[in-house]
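The values are calculated or read from the model by the stated rules, or taken from the named source; none is laboratory data. These figures come from a predicted structure and were not determined experimentally. Ideal geometry is used to build each Cβ from the backbone, glycine not excepted, and the neighbour counts take in all protein chains shown. Keep in mind that these areas ignore ligands, DNA and RNA; they rest on the heavy atoms of the full protein, side chains included. Shrake-Rupley method; radii C 1.70, N 1.55, O 1.52, S 1.80 Å.
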Amino acid sequence: MNTGLKSITAVYAAALVTFAVAPAHADAVVIAMPNWASGQATANILKVGIEKEFGVKAEVQEMGPLTAFNALESGKVAAYPEVWRPNLDSLVKKYVDERGAVVLTKHSVAAWEGLCATPQAVALGIKDIKDLLDPSKTGVLDTDGDGRGEIWIGATTWLSTGIERVRANSYGYAANVTLVEAEEDAAMAAVDVAVATDRPMVFACYAPHHVFELHKITRLTEPAYDAAKWKIVAASDPMWVTKSSATVAWPDTRYQIAYGSEFKKKHADIASFLERVDLTPEEVTKMTYALQVERQVPLDFATKWVESNGARVDGWAKP
């Protein structure tokens, strides 16, 4: 599907808001949960760890980042497990830098974002971002018979999806491919099928992620990040997609846990616990594998993970 600016504005609204904060049990510590696998796993690890170490009730509620940041400011939510940057820099500027209402942990998980290709796509000559400008090459990505290739650019509720659309417009390959928005589970299933049937596919990718453990996936090369060529307007602007431009690779990416300043005043011990959470990219990859490939329930996975890492979680709780 080739959605336009109107739908992208709707995408942003959905990505940021998505869910209201549900009523929590009295005195429950609420963890906001994103809708992707690593965020779901981490949110539940925080829930189980906090209950174990502090003897308090903790709840997980799925919500978009704007809802989460608003709730962090008001004190209704304690923490949000994955603040991806630069994706959410506009929220960081508003709530962390300007208002001081939200705190980001010092520890961050190294990550990256870009476009990837299956082995058959690479074999057919799609190795660099500039190859997507050649209709004779992108035509091999056609799966619906309309002569245009398709590229999955992310889930509808991800802000990075809008940024990938900006990049496609700026580089120019949006003119000869269809940019597809779909849930990640469906996209990863499509990658599995493409690899199994030697079909070429190009798709938005990021790491840490289990797909690189399952398949020989190649990241497309592109010009190195240059701040002068990365002009992403704050997505609160309804015209942000058309006003933005980016003809270089994503900047260095990372994500951190966020917690509320108001929450820290009441629960300094739990805030200190959150500061000590030190997950690694390798562990996060295993989390996504467990949830997306093995289909483990996030809470069940988290419960087993905390049991298996008991001493480490104890260490997070102690000065």
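Is region 96-153 rounded, prolate or oblate when judged by the Cα gyration tensor, a ≥ b ≥ c being the square roots of its eigenvalues, rounded requiring a/c under 1.5 and prolate requiring a/b larger than b/c?
prolate
PRE reach from residue 312 (point 7 Å along Cα→Cβ): which of region 104-129 fall under 14 Å by backbone N?
Answer for this model: 109.
Given a 1.4 angstrom probe, I'd like the percentage of the accessible area of the chain that is carbon and sulfur, rounded to a whole number.
The computed percentage sits at 55.
List the pairs from 47/266; 94/229; 264/304; 57/94 whose alpha-carbon separation is above 26 Å, in the order I gave them.
264/304; 57/94
Give me Rg/Rg_expected for region 130-247, where Rg uses Cα atoms only and Rg_expected = 2.2 N^0.38 Å with N residues.
1.08
Say each of residue 304 and residue 130 gets a label point 7 Å from the Cα, pointing the same way as Cα to Cβ; how far apart are those two points in nm?
4.8
Quote the relative contact order of the chain in percent (integer), defining contacts as alpha-carbon pairs under 8 Å separated by 6+ residues.
RCO, the chain: 27 percent.
In region 90-123, which trypsin sites (Lys or Arg not before Pro) are in a loop and have at most 10 other Cβ atoms within 10 Å, using DSSP for the loop call?
106
Among the GluC sites (Glu not before Pro) in region 253-319, which ones are in a DSSP loop with at most 15 other Cβ atoms within 10 Å of the Cβ? Mind listing them?
Working: sites: 262, 275, 282, 283, 294, 307; in loops: 294.
Listed in order of number, the matching sites are 294.
Determine which aspartates and glutamates satisfy two conditions relative to residue 137: a Cα distance under 15 Å, and not lying fewer than 8 residues away in the same chain.
128, 146, 150
Calculate the FRET efficiency for residue 183 and residue 146 from the Cβ-Cβ distance with a Förster distance of 22 Å, rounded to the nearest 0.05.
Step by step, r from the Cβ atoms, then E = 0.50.
How much accessible area per residue does the chain have, in Å², with a 1.4 Å probe?
42
Count the DSSP beta bridges whose two residues both fall in the chain, then state the antiparallel fraction as a percent rounded to the nearest 5.
60
What 222 nm value per residue comes from the helices of the chain, counting each DSSP H run with n ≥ 4 as -39,500 (n - 2.57) and dividing by all residues, nearest 500 deg cm²/dmol?
-11000 deg cm²/dmol
May I ask you to derive the FRET efficiency for residue 216 and residue 294 from their Cβ-Cβ distance with R0 = 25 Å, giving the value to the nearest 0.05?
0.75
Tell me which label goes with the value of percent of Cα pairs over 29 Å apart computed from the coordinates here: (1) 38; (2) 42; (3) 46.
Matching the structure shown: (1).
Would you be so kind as to identify which of 297, 236, 315 lies farthest towards the positive end of the dipole of the chain, taking Lys and Arg as +1 and Asp and Glu as -1 on Cβ and the Cα centre as origin?
236
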